[in-house]
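What follows is calculated from the coordinates using simple rules that are stated; it is not laboratory data. Bear in mind the structure is a predicted one, so any value in this text is a computation, not a measurement. Cβ: placed from backbone, ideal geometry, glycine included. Neighbour counts: every protein chain shown.
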Amino acid sequence: MKKFVITILVFVAIPLFLLVGIYLWTDPFRCLHKFDIQDIDAVNREYLSTELFLRNNSTYHYNSFIFASSRGMALNTYQWKQYLPDGSQPFLFQAWSETVTGIELKLDYMQEHHIPIDNVLILIDIPGTFDKKQLSTGAMTIKHYVFTGEPKWMYNAVQFYNFIQSPSLVFRYMKKAIRKDKEVFFSDTISNDFDNTNYLAYRECPPQDSLNYCSALTRGSFIEKVEHMRLKEVVVSDPLITPRLEQQLIHIRAILDANQTDYHIIVSPAYCYTNPSLNPDDLEILNRIFGAERVHDYTGENEWTIDYNNFLDPNHFGKCIGYRIIEDIYKRDNEN
Amino acid sequence: MLFNSIEYLFFLPIVFLIYWLLRNHLKLQNLFVVLASYVFYGWWDWRFLILIAFTSLCSYASGIFIERGKQKHGEGDDASLTKNIKNINSAKAWMITNIVINLGILAVFKYYDFFVSEFGALFGISTESLLLRIILPVGISFYTFQALSYSIDVYRGNIKPTKDIIAFFAFISFFPQLVAGPIERATNLLPQFLQKRTFSYEQGVDGMRQILWGLFKKIVVADNCAMYVDQVWATYDTQSGSTLLLAAILFTFQIYGDFSGYSDIAIGTAKLFGIKLMRNFNNPYFSRDIAEFWRRWHISLTTWFRDYVYIPLGGSRVNKAKIVRNTFVIFLLSGFWHGANWTFIVWGAYHAMLFLPLILLGKNRKYTNQVAEGRWLPTWKEMGQILLTFMLAVIGWIIFRATSISEAWSIMKGICDVSLFSMPMVISGLKKTLFFIAVMLVVEWIDRDKEHGLSLSKLPQWARFVILYGLILIMLEFMGHSQSFIYFQF
């Protein structure tokens, strides 16, 4: 028995010590040491967005926010700023697989810390934003501890556990640390835009632009997926907004009202032959809570979603569509 | 609680340590087994604990009453003879009562809605309001059959009933095999709970390796196959013949990796507790005919039906008409055991039809040894037999996986299309899935005379560590999307 326990402990301890060492050395999620904003190759987008926000806010005094998941990488705050009052300072508060709870926690935090919330865009994914698991513990999707209120060590422990679950991450960061590679993950250190290269280039939305935007590999795999996954007709999602989520959305609306925020809710487009459209019941709930004129549903079959050239993959729309979304909602806003 | 979950990673070592700390207190140790097993099972839904406790209690009581009924009185005079006949009848009545209660529970939870809706469909009556729509308790078919085997074995005199209620509850609820088998016999498992267990280093280490091998089959092979299979099955009416065939083959490996992986984890875990469970799989896809396949696939269920249904019906020592009847009875029951759906029944009938010619020609026990015994590779003839048996199994699994007979038929028609000769759909990760299937087959071929694929008995410790670390790295890196075990639904 003793021999068995010792054998198991030795078997577990050798790689564990090694992994702890590598984790401390490489700091893959940038949550142990202060990181260089230009050297970010970490996968936990929420943490990085939050850290950037916390570092910059005292300098730039953000007052306008886009709350979005990975789909938000096609939105551009520099374009958005054109439609905002003078003096607006927008920030793309992006978190992979952002949820209602994630958005609610961020707004709560801002309210509590008296951060002005003058303008807001909320980008909703179907089904991601309304996912049953609202607080994920995955390496990419875990929420920052300033929002959840959990101790920092707990966050680190969970991230260490995530790290050891992925040997490719271990090897990737080891290689990077040995070579002292510097990779730029996102380029804008003020707005947190995923890519702030000339957004005007996306105005015309020719197919090749969006295809050029993603790598040839992504395009290939997307086309392959589309060929085989393509449904005969567009399907409607099951109702996703539970009574609990509805209460959270009402709370979000209350915060926005308390701050007299000018806001828009965007239900993001996705390639319609592989993605369901928003359920009418859910749309009705959103309209009821936020007002129909402020809810923009781009799901289902429409001129953007029928063409896969507008997408980087079945779920992520390209920059050109991001450009058009912002253009469209403010055009509608003016009409109203 | 799932074996492939983070909760289980903490649960197992804690239970292991406390269990062996109690090694000098048999009753306490058994009580702890019951407690741990109930926590393990209650993790899904604590309400189902009532059901398992009730099943255990009924079977425990039936054992005592059956034995009491079997006690002989007097020396053979008429009065004693009459009393003995009455007692035997009472023993039989207790056994039947226990069978009725247990099968009754199973019928309500698993089959009631099926029968009611089929009855309604047959007579064109709406049965919507009569349907119960109860959630199926996890593993109900497994522990029910285990409980049934006990009372039948007590009645037959194969085992003395135990008065130790805690040991009996541990026998029914022992967590490694509670939700997906192997379906243990009281003759094997119950005596192990009645005597002091000792820890063996070799057994413990072998158990850990078997757990690791089971996890590999589940999370690397089965879960990766599932990604392709689920995608194709969801859109089967738009897929090419080659894609459908590939999906059917991958499902064949998925269900094997899933179920035999679970069995390996269960048997390996039991070894850590000094308990020896029966083998449930013995390289079924290396079988040379369908009879051999059924001796190697889900052994604990096959032998259960053989011992408690087939042999009592006369087995193969009856006339040919009865052999046909008996064969169909056990295969149909076996199919129906899996669930209340016509697909399972047709799957059973399909295998009965494959099995029947072999048994009628007296060739059902032609291959009882391991294929290519004493050789590295099979002969061409053996290779052909293995491939043919495998493809017959694939056809069966299409029926099994389908949600309806018409779906199964559409998929089979889709396979027999000219598009069978086109390139199948390729999705990200397909190549690695095929590679890991090959790894599994090669490893299991090499170790086909061993209990599991990772015995590593002849290697030095450092080499074993390297292989085991390599396997863990592969599991961490290439695990598919975590899925529950397929057989939990049965």
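Here B:ASP264, B:ASP153, A:ASP313, B:ASP258 are placed in order of increasing Cβ neighbour count within 10 Å, fewest first, which gives A:ASP313, B:ASP153, B:ASP258, B:ASP264.
Find the centroid of the Cα atoms in the stretch B:1-68 and in the stretch B:166-200, then give the distance between the two in whole Å. Answer, in whole Å: 10.
Translational diffusion of the protein assembly as shown, estimated by Stokes-Einstein from the Kirkwood radius over alpha carbon pairs at 20 °C in a medium of 1.002 mPa s, is 70 µm² per second.
Per-residue mean of foreign Cβ neighbours for A:7-13 is 3 (Cβ atoms of other chains, 10 Å radius).
Starting from the stretch A:237-336, pick out the GluC sites (Glu not before Pro) whose DSSP state is loop and whose Cβ has at most 16 other Cβ atoms within 10 Å. The partial results should precede the final answer.
Details: sites: A:GLU246, A:GLU284, A:GLU293, A:GLU301, A:GLU303, A:GLU327, A:GLU335; in loops: A:GLU301, A:GLU303.
Those satisfying the criteria are A:GLU301, A:GLU303.
For peptide B:201-210, the mean count of partner chain Cβ atoms within 10 Å of a residue's Cβ comes to 2.
Taking Cα centroids, how far is the stretch B:319-343 from the stretch A:101-146 in Å? The stretch B:319-343 and the stretch A:101-146 have Cα centres spaced 55 Å from each other. Dividing the mean sequence gap of close Cα pairs (under 8 Å, 6+ apart) by how many residues the stretch B:150-195 holds gives a relative contact order of 47 percent. Reported value for the stretch B:76-225: 191 Å³ per residue, from the convex hull of its C-alpha atoms. Each helix, a run of at least 4 DSSP H residues, gives -39500 (n - 2.57); summed and divided by the residues of the protein assembly as shown, these come to -18500 deg cm²/dmol at 222 nm. By the rule of a C-alpha distance below 20 Å, with chain neighbours fewer than 8 residues away ignored, the lysines paired with B:LYS366 are B:LYS320, B:LYS381.
List A:THR261, B:THR235 from most exposed to least, where exposure is judged by having the fewest other Cβ atoms within 10 Å.
Details: A:THR261 18, B:THR235 15.
Going from least to most buried by this count: B:THR235, A:THR261.
Taken over the stretch B:6-198, lysine pairs spaced eight or more positions apart, or on distinct chains, with alpha carbons under 27 Å apart number 23.
One decimal place: the segment A:ASN302-A:ALA258 gains 12.3 nm when fully extended, by the rule 0.36 nm per residue minus the C-alpha distance. If R0 equals 60 Å, the separation of the Cβ atoms of A:ASP86 and B:ILE96 corresponds to a calculated FRET efficiency of about 0.10. Selection among B:LEU2, B:LEU333, B:GLY396 by position relative to the dipole of the protein assembly as shown gives B:LEU333 as farthest towards the positive end (Cβ unit charges, Cα centre). Taking the Cβ-Cβ separation of B:ILE472 and A:ASP108 as r and a Förster radius of 41 Å, what is the calculated FRET efficiency to the nearest 0.05? Plugging the Cβ-Cβ distance into 1/(1 + (r/R0)^6) gives 0.50.
Panel order for A:TYR109, A:TYR62, by other beta carbons found within 10 Å of each beta carbon, from fewest to most: A:TYR109, A:TYR62. Debye sum, Cα scatterers, chain B, no solvent: what log₁₀ I/I(0) at q = 0.07, 0.09, 0.12 1/Å? Summing over Cα pairs of chain B leads to -0.41, -0.68, -1.22.
With +1 on each Lys and Arg Cβ and -1 on each Asp and Glu Cβ, and nothing else charged, work out how big the dipole of the stretch B:229-295 is about its Cα centre, in Debye to the nearest 20. Can you show the working numbers first?
On the way: 5 positive and 6 negative charges, 91 e Å.
Computed about the Cα centre, the dipole is about 440 debye.
In a reduced charge model with +1 at each Lys and Arg Cβ and -1 at each Asp and Glu Cβ, the protein assembly as shown shows a dipole moment near 4880 debye about its Cα centre. Of all DSSP-defined beta bridges confined to the protein assembly as shown, some 5% are antiparallel rather than parallel.
For a modelled paramagnetic label at B:ILE18, 7 Å from Cα along Cα-to-Cβ, no residue of the stretch B:136-170 is in reach, as no backbone nitrogen comes under 11 Å. Annotation for B:GLU373 and B:PHE119: the two label points, set 7 Å from Cα along the Cα-Cβ direction, are 5.2 nm apart.
Label reach from B:ASN319 (point 7 Å along Cα→C-beta): in the stretch B:349-381, amide nitrogens under 17 Å belong to B:360. Each of the GluC sites (Glu not before Pro) that DSSP puts in a loop and that has at most 13 other Cβ atoms within 10 Å breaks chain B; the longest unbroken stretch is B:76-372.
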